[in-house]
Amino acid sequence: MRWLCVLALIGACGGKHPPPVAGPVSITLETEQGQPFAPSGGTTVELVFHERDAEDRPRDVTRTANVKPDGTFDLGDLEPSDRVSIEATLRNDSGAAVGYGRTMADLAGDAAITVQVRRPIAYFAGTVSRDADGNPNTTPLRWTEAPATFSDLSAGTGLDGKAQVGGNAVLVIAAGSSLYMIAQAVDASSGALTGAAQVMPIGTGDHKVGTALPGTMTGGVLDGAGADDGSKLVIGTTTQLFAIDASAQPQTVASIADGSFSRVAILATDTGELDAIAIRNRGATTGPCAATAELWWATLSGAAGGKAHLVATGGFSDIATDRGRAFYVDACKGELGEVTTAATRMLRTLPGAAAGGGKPTALAVSNGQAYIGLETVPTSASVPATASLIVTSTDVASDTVRTLWTEGAQQVLDVMSFPDVRRQMNAGSVAIGHLEIGAGGDYVALTTSAHFDGAPIPSLGIPEMLIDTEELRVFDAATGGTVQRYRSWCDGIVLRISTDISGWECAAAAGQSAPAADMYEHHIGSMTFQFGKK
């Protein structure tokens, strides 16, 4: 389905704007009409134009209009402007986003601008473990790939792992309106990714998998990112950093740096240049902090395309890009900062982080708002490890910090044959794996993994337990309210003796969904939104 908007332009006043022009600009929202996952139910359109004023300062112009019966909408008059970033959100009667997209364009006379709009869908992928007979989570384990799964936030349905995408995938990457999956073999005994990795497109309207892109990648795949215009992908593996030109015919895959790159992001400058930012040798977030991570910068387009260099070394734990700027969080210093091709600069120290009140280990930025994940180590066994999500501005003049969510990681185990027997365990550690913003800032999602070490309680016949869990959470970015809470994995070892109670299983918490059957469980290797920001 396509909507058309006709805008009558008025004169501008200096700055970066072009001279006044006559004639309308048409903006079309393209939504893959007739496809199963095409946006539907939209009654209003919200467009945000990110531009510069006459003094070259950033300025946002927001316009909202009702969708008419013929599918058109009228936003009124706008000033001409060059190189404007446009965000389009399609909303239903309750104000929920049912479609979102963004693009860069010039608002000039007679321009025809198309914005690809897609449903707000969160995808995640990973591996599973089964025994030789195909039974999950039993000993001896045999590791294998599994299809990715997804949550369609516009549909409002709960996650159970049954909504699957294509074939086996270890990573899913969104690149603007395009979607890709990476397939790679898994070592059956260790779970390590091995062999050549291939990239395959996924249809965003029907989730069908297309023909694999030419070329392969080596090393276990760790992270990936895509450009908003869909032209470039960046993949980090345990051995190299790869750049993929998805717009070339045929597509090309090139190694641009050696090393283990576990965090990657793509930056689009005001001039249209694409750069990659990556972290090499990122250490584990739990335990003592080691300031040995490296920030790398690589140019993806132009004459210098494919050139990468080291910018700085420190306790860097995550990176993100937003509106022509690149950002980092440093878990050792407890700070949010900005990175350029030549240097880093600190923007602010995060409250309590430097004093051990929570290490910043995850970052996503959208429209000047930085969402930061914090991990807190417990001070005793009676207190669980805690994960938190805070929000702050990337403007150095602002020091406001808002806590969106915080929670101690706990897990309840039940006995299948004795419904009244339960054990609640506190996590000794919790790690935030992935953090991303969806639908232009309506949603923010993160994944966590937690480890539980429960000592035996002989007087009650409760054995020693070593349990690991993984969760996906989606929040309303404005209120912090939980939209989805999905436990993708819960498994471990019960070290019982003959007198101990047997037959333990993981229980679901209030508001938490879990796989419908064990075969749908995932170790989450990646999480991304369609048109997401990381």
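With +1 assigned to the C-beta of every Lys and Arg and -1 to the C-beta of every Asp and Glu, and no other charges, what is the dipole magnitude of the chain about the Cα centre in debye, to the nearest 20? Could you put the intermediate results ahead of the total?
Numbers: 36 positive and 57 negative charges, 73 e Å.
It works out to roughly 340 debye.
What FRET efficiency, computed as 1/(1 + (r/R0)^6) with R0 = 35 Å and r the Cβ-Cβ distance, is obtained for THR252 and GLN164, rounded to the nearest 0.05?
In this case the efficiency is close to 0.70.
Shape of segment 139-262 from its Cα gyration tensor (a ≥ b ≥ c, root eigenvalues): rounded if a/c is under 1.5, otherwise prolate when a/b > b/c, or oblate? Taking the square roots of the gyration eigenvalues as a ≥ b ≥ c, segment 139-262 is oblate. Full extension of the segment from ARG345 to THR216, taken as 0.36 nm per residue of separation minus the current Cα-Cα distance, would add 42.8 nm. Residues of segment 428-470 with backbone nitrogen within less than 14 Å of a virtual label 7 Å along the Cα-to-Cβ line of ILE501, please, listed as ranges. From segment 428-470, the list is 456-465.
In a shell of Cβ-Cβ distance under 15 Å around LEU300, excluding LEU300 itself, what net charge do Lys and Arg (+1) and Asp and Glu (-1) give? Let's see the in-between values first.
Details: positive: LYS232, LYS307; negative: ASP228, ASP229, ASP245, GLU273, ASP275.
So the surrounding residues net to -3.
The candidate values are (i) 86, 50, 46; (ii) 86, 72, 45; (iii) 68, 48, 46; the one derived from this structure for Cα extents along the principal axes in Å carries the label (i). Other residues lying with their Cβ under 10 Å from the Cβ of THR62 contribute a combined charge of -2, Lys and Arg counting +1, Asp and Glu -1.
The packing ranking, built from the mean of other Cβ atoms within 10 Å per residue, places the peptides 324-330, 388-394, 451-457 in the order 324-330, 388-394, 451-457, highest first. Between ALA284 and GLU464, the C-beta separation translates, for a Förster distance of 25 Å, into a calculated FRET efficiency of about 0.55. You can think of it this way: the chain between ALA455 and LYS68 has 133.0 nm of extra reach, that is 0.36 nm per residue less the Cα-Cα gap. Dipole of the chain computed with +1 at Lys/Arg Cβ and -1 at Asp/Glu Cβ about the Cα centre; of ALA331, GLY99, THR44, farthest Cα towards the positive end is ALA331. Under 25 Å of direct C-alpha separation, and excluding same-chain neighbours fewer than eight residues apart, LYS307 reaches these lysines: LYS232, LYS533, LYS534.
Computed on the chain, with alpha-carbon pairs under 8 angstrom and 6+ residues apart, the relative contact order is 10 percent. Between GLU55 and GLU30, the modelled labels are 3.9 nm apart [label points 7 Å from Cα along Cα→Cβ].
Stretched out straight at 0.36 nm per residue, the stretch from THR269 to GLN198 would grow longer than its current Cα-Cα span by 22.7 nm. Toward the positive end of the charge dipole of segment 300-434, with +1 on the Cβ of Lys and Arg and -1 on the Cβ of Asp and Glu, the farthest Cα among VAL365, THR400, SER382 is that of VAL365.
Readers should treat all values here as calculations from the given coordinates under stated rules, not as data from a laboratory. Since this is a predicted model, take the numbers as computed values, not measurements. When we count neighbours, we look across all protein chains shown, and the Cβ atoms used for this are built from the backbone with ideal geometry, even at glycine.
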